[in-house]
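Okay, so here's the structure we're looking at.
The values are calculated or read from the model by the stated rules, or taken from the named source; none is laboratory data. What you see is a predicted model, and the numbers here were worked out from it, not measured in a lab. We place every Cβ from the backbone using ideal geometry, glycine too, and count neighbours over all the protein chains shown.
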Amino acid sequence: MLSSLTLTLAMMASSPVGLDRYLERAIERGVPLYNNGDPAACAAVYATALEAAAGWQGWAQNGAEAKGLNFALQRAAALDDPSEQAWAYRRLIDRLLAGEEIAMPELAAATPLYDFSNLDQLERWRIVVDGVMGGRSTGALSLEDDVMVFTGETSLRNNGGFSSIRAPLPSGAMAGYDALRIRVRGDGRTYILGAATRGGRGNSYWARFETTADEWVTVTVPVNEMVRQFFGNPLPGELDPARVRGLEIYIYDKQEGPFRLEVAQIDAVQAGTG
């Protein structure tokens with residue numbers, strides 16, 4: 001049913017119908033779906049219509065308008081709740097029907113995701129070690145002078161070898177940004193910065209980074225260079241920054257022994273920001 005609705009909307013987009021009428025037809029198809037208890041199908045119909053509105057030159061969306069609409073679509077697509085998502089799309093449709101321009105917001109070169117300025121920032125992180133698979137590695141977190149300190153010991157016993165910490169991000173927190181930047185002081189070992197989406201298998205994307213013992217370094221990781229992972233095994237797939245819902249830091253370098261990583265700040269940044 002959903003595929004036929006999507007096909008119908010795609011056919012509408014290729015026909016010489018005005019933008020307003022096209023969007024009104026999308027509403028006519030979406031509202032009954034929502035009212036019949038299928039907000040996900042309603043959201044899919046609205047999204048298809050809005051994507052066509054942003055991408056079809058016949059409706060005279062100029063470059064700035066299309067960019068703003070595409071950004072708003074990314075934010076809406078990042079929502080987890082189908083009902084909230086359907087309403088987010090509907091509000092965009094209503095704005096277009098009202099003749100309102102959906103402008104691209106001004107984005108700072110960087111926006112802080114975690115700065116560890118208080119204990120609440122630390123308490124959002126949780127520890128996950130290889131004990132879930134029978135390993136013997138350990139991990140602990142503390143806050144020292146506005147710096148998160150991740151310590152523990154890795155063990156290769158029972159096919160283990162990793163310790164990690166993970167924290168959530170608000171929906172759409174990285175929309176409009178294409179890299180992660182982290183300020184750390186390590187111990188000379190190799191660590192992993194990860195970004196996670198909601199979902200099941202293969203929802204984590206990794207990039208390894210080196211540390212120099214007792215020296216502060218700033219590491220910038222482009223999102224398009226992060227590799228999709230499933231239990232340490234690479235998978236095909238690229239990460240949409242708008243869908244990032246969590247951050248991860250791993251020590252997983254196939255070495256045994258103690259580790260210590262201090263993290264001062266994690267930012268979302270735009271390309272070219274050091």
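Going by the structure shown, is Ala175 part of a loop (DSSP other than H, G, I, E, B), surrounded by 19 or more Cβ atoms within 10 Å (Cβ to Cβ) and in the same structural domain as Arg228 (by TED's automatic domain parsing)? It is true that Ala175 is part of a loop (DSSP other than H, G, I, E, B), surrounded by 19 or more Cβ atoms within 10 Å (Cβ to Cβ) and in the same structural domain as Arg228 (by TED's automatic domain parsing). Picking from residues in the stretch 161-172 that are in contact with a strand residue (DSSP E or B) (Cβ under 8 Å, 6 or more places away or on another chain) and assigned to a loop (DSSP other than H, G, I, E, B), the one that is farthest from Asn118 (Cα to Cα) is Gly161.
As a summary of the residue check, Ala103 satisfies the conditions (1) closer than 27 Å to Pro222 by Cβ; (2) at pLDDT 90 or above; (3) of a type in the set (A, V, I, L, M, F, W, C) except for the one numbered (2). When Ile192 is tested against (1) crowded, with 19+ Cβ neighbours inside 10 Å; (2) out of contact with any strand residue (DSSP E or B) (no Cβ under 6 Å at 6 or more places or on another chain), just one condition goes unmet, and that condition is (2). Within the stretch 251-274, the set of residues being surrounded by fewer than 20 Cβ atoms within 10 Å (Cβ to Cβ), under 20 Å from Ile182 (Cβ atoms) and among the small types (Gly, Ala, Ser) comprises Ala264, Ala271, Gly272, Gly274. Scanning the stretch 197-211 for residues being modelled with pLDDT of 95 or more and either under 18 Å from Leu113 (Cα atoms) or of a type outside the set (D, E, K, R) (or both) gives a total of 5.
Of the strands (runs of 3 or more DSSP E) lying entirely inside the stretch 80-153, the ones with 1 or more residues being surrounded by 13 or more Cβ atoms within 10 Å (Cβ to Cβ), of a type in the set (Phe, Trp, Tyr) and outside the structural domain of Ala49 (by TED's automatic domain parsing) are found at 110-114. Can Glu248 be described as within 13 Å of the chain's Cα centre (by Cα), within 30 Å of Glu106 (Cβ to Cβ), surrounded by 13 or more Cβ atoms within 10 Å (Cβ to Cβ) and among the acidic types (Asp, Glu)? So Glu248 passes the test. Mind checking which residues of the stretch 1-50 are loosely packed, with under 13 Cβ neighbours inside 10 Å, modelled with pLDDT under 85 and not in a helix (DSSP H, G or I)? Passing the criteria: Met1, Ser15, Pro16, Gly18. Against the list (1) assigned to a strand (DSSP E or B); (2) closer than 25 Å to Pro170 by Cβ; (3) of a type in the set (A, V, I, L, M, F, W, C), the condition Phe259 fails is (2).
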